[in-house]
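For reference, the structure discussed in these notes is given below.
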Amino acid sequence: MRRILALTITTIVTFFTSNTASSQTAVCSGSYTTVTANCQNFTIGNGTTGYIQVCLDANNFPSGGGTNCSPGCGFTGGGYPPNMWVYDSGGNIIDNFNAANAVGDCITVPVNDGVATIYGLCLTAGTTISWETIDACGNNVCSGSPPPCFPPGSCDCANPCGAACGFATTPTVADVTSGCPQYEYVPELGPSTTSSSCYTFTAASTSVDFGVIVSSNCVGGNVTAFSWEVYNTGSCGSPLYSGTLASLTMNPLVIGNSYTFCYTFTTPSCTHTSHYPYFVGAEPLEVELKKFNAEALDNAVMLSWDVTSEFENDYFVIETSTDGLNYHEITSIEGNGNSETKTSYLYMDERASEGMNYYQLIGVSKDGDREYLGLAYANYSPVDKFEAVSAEIFNLSGTKIMTLDAKGENVNNLINNSDLQSGFYIVQMIDAVGNTRSFKHYQKSK
């Protein structure tokens, strides 16, 4: 899985005309290699709604920043540096690629009408980008039906996003953001997007209140059309209680019982990047999970999670599924027992199935209680199906380390047997006709 750049959606002054973008490459997925020209602009996507992920496959931006130019094609004035700008169809800048980017960097564009626009300014030949239309889980939707999608921020009672923090009294913002799980929206929730989330908690009082801290660029309100329901955990039929933003109190509840709280909202004219749900009147988590991530590499899916504290935590269990519904255990990882310091854990699933892999993280206490902590997923595609004739290896800063002759060879074996130091690298494979495929590789210690 390629590295996703942070997205900031900013309304820009219109300095180009709407008819300047060529639609000759307006397809659901594809690639483009630059030529030497001041202006190269075109439309990508074919009208399929969702997200367009644009990735940098080869970086040949002029070193040292290059030479500024007057690109024309609707841009006024001069002094533009070499860049490839990515716009949504409304004329908003999403992000850009330049010489500082590493091969493998990606930009994700939320698209309601299924198209985006690329503006390449003042470029030399040899920089390659590729794009594909994806759903919220990263599945390519250009052909066939993608697998079930349960991304963070879009889960249900039977598949909760994870456990939320519990407090005896109303916490400060710092209490929540420093010690509670942060659930990221990947891709981000753009304007007018409806999202549903479900989180579990254990009641420590007969009356429990819900709260959430949202990271966003919203002004004057984070949500509209907010509604919620609460269920007994494991019983997702009729809700015990329901309500709106006007009242977030659940009363009465049974102390010691586990509940699942689900809520739905629509973003106004702004973007959400992450959120921290919590409950006042609920028991503190035995494991305070900060993040749980899954990342597809060339030879495995890397699972990583950070916890800020553990109480009587014996071990973690990782379960996996290929359909998001039927899970089985693949490993257990020893916990820290009792700890108030941040701990990072890592596990490599070297038996991941081709396609979408879903993972559940569960904490098991010393008395055998199991606590569902979170969900992660990755779309895994083994590299041995790409017939490479060469492979270029870059560090994460974008500097080329070496080039390998891969004709008739297994690229993984070549890299693993090379003299690379342990760590992460970006590998770009090239086939006999010039097609490329990039991926992230983890080199083990020898």
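The values are calculated or read from the model by the stated rules, or taken from the named source; none is laboratory data. From a predicted model like this one, the values you see are computed outputs, not experimental measurements. When we count neighbours, we look across all protein chains shown, and the Cβ atoms used for this are built from the backbone with ideal geometry, even at glycine.
Just a few scattered comments:
- Single residue of segment 385-402 satisfying the filter (modelled with pLDDT of 85 or more and under 25 Å from the mean Cα position of the chain (by Cα)) that is surrounded by the fewest Cβ atoms within 10 Å (Cβ to Cβ): PHE394
- Filter pass, LEU245 being of a type outside the set (D, E, K, R), surrounded by 13 or more Cβ atoms within 10 Å (Cβ to Cβ), more than 18 Å from ALA163 (Cα to Cα) and in contact with a strand residue (DSSP E or B) (Cβ under 6 Å, 6 or more places away or on another chain): yes
- Conditions (1) part of a strand (DSSP E or B); (2) modelled with pLDDT under 90; (3) over 25 Å from ASN357 (Cβ atoms); number of the one not met by TYR278: (2)
- Considering segment 184-227, the residues that are closer than 21 Å to THR249 by Cβ and of a type in the set (A, V, I, L, M) include one that is surrounded by the fewest Cβ atoms within 10 Å (Cβ to Cβ), namely ALA225.
Per-residue answers, yes or no, for (1) out of contact with any helix residue (DSSP H, G or I) (no Cβ under 7 Å at 6 or more places or on another chain); (2) of a type outside the set (A, V, I, L, M):
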residue	(1), (2)
GLY368	yes, yes
LEU373	yes, no
ALA388	no, no
THR399	yes, yes
GLU409	yes, yes
LEU420	yes, no
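- Unique residue being outside any strand (DSSP E or B), touching a Phe, Trp or Tyr at 6+ places or on another chain (Cβ under 8 Å) and in contact (Cβ under 8 Å) with a residue 24 or more places away in the chain when the list is ALA376, ALA352, ALA294: ALA352
- Count - residues of segment 173-208 that are free of Cβ contacts under 8 Å to residues at least 40 places away in the same chain and not small (Gly, Ala, Ser): 1
- Only residues that are of a type in the set (Ser, Thr, Tyr) and in contact with a Leu (Cβ under 8 Å, 6 or more places away or on another chain) were counted across segment 30-53, and they come to 2.
- Criterion: closer than 18 Å to THR271 by Cα and at pLDDT below 80 - qualifying residue of THR67, THR76, THR49, THR108: THR49
- Residue match in segment 197-209 (condition: closer than 17 Å to VAL223 by Cα and in contact with a strand residue (DSSP E or B) (Cβ under 8 Å, 6 or more places away or on another chain)): yes
- The listed residue being of a type in the set (A, V, I, L, M, F, W, C), under 28 Å from the mean Cα position of the chain (by Cα), more than 30 Å from GLY90 (Cβ to Cβ) and not in a strand (DSSP E or B), out of LEU253, LEU325, LEU289: LEU325
- Considering only residues in segment 88-133 that are among the hydroxyl-bearing types (Ser, Thr, Tyr) and either touching a Pro at 6+ places or on another chain (Cβ under 8 Å) or in a strand (DSSP E or B) (or both), the one that is nearest to ASN38 (Cα to Cα) turns out to be THR124.
Residues checked against (1) part of a loop (DSSP other than H, G, I, E, B); (2) under 23 Å from PHE424 (Cβ atoms):
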site	(1), (2)
ASP298	yes, yes
THR331	no, yes
GLY335	no, no
ASN338	no, no
SER344	no, yes
TYR347	no, yes
ASN357	no, yes
SER397	yes, yes
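- Answer from LEU346, LEU373 - the residue that is within 25 Å of VAL287 (Cβ to Cβ), hydrophobic (A, V, I, L, M, F, W, C), surrounded by 20 or more Cβ atoms within 10 Å (Cβ to Cβ) and outside the structural domain of ILE129 (by TED's automatic domain parsing): LEU373
- Pairs, first within 28 Å of PRO191 (Cβ to Cβ) and outside the structural domain of SER274 (by TED's automatic domain parsing) in segment 219-241, second outside any loop (DSSP other than H, G, I, E, B) and modelled with pLDDT of 85 or more, C-beta under 9 Å, six or more apart: none
- Evaluation of ALA388 against (1) in contact with an Asp or Glu (Cβ under 8 Å, 6 or more places away or on another chain); (2) over 23 Å from MET302 (Cα atoms); (3) free of Cβ contacts under 8 Å to residues at least 40 places away in the same chain (one fails), failing number: (3)
- Residue check for GLU319: assigned to a strand (DSSP E or B), acidic (Asp, Glu), buried (at least 19 other Cβ atoms within 10 Å of the Cβ) and out of contact with any Cys (no Cβ under 6 Å at 6 or more places or on another chain): no
- Filter result (in contact with a strand residue (DSSP E or B) (Cβ under 9 Å, 6 or more places away or on another chain) and without any contact (Cβ under 8 Å) to a residue 24 or more places away in the chain) within segment 318-331: HIS328, GLU329, ILE330, THR331
- Meets criteria (under 30 Å from ILE415 (Cβ atoms) and surrounded by 22 or more Cβ atoms within 10 Å (Cβ to Cβ)) for PHE279: no
- Cβ pairs under 6 Å, 6+ apart, first in segment 147-164 and modelled with pLDDT of 75 or more, second of a type in the set (S, T, N, Q): CYS157/THR260; PRO160/THR200; PRO160/THR260; CYS161/SER197; ALA163/THR200
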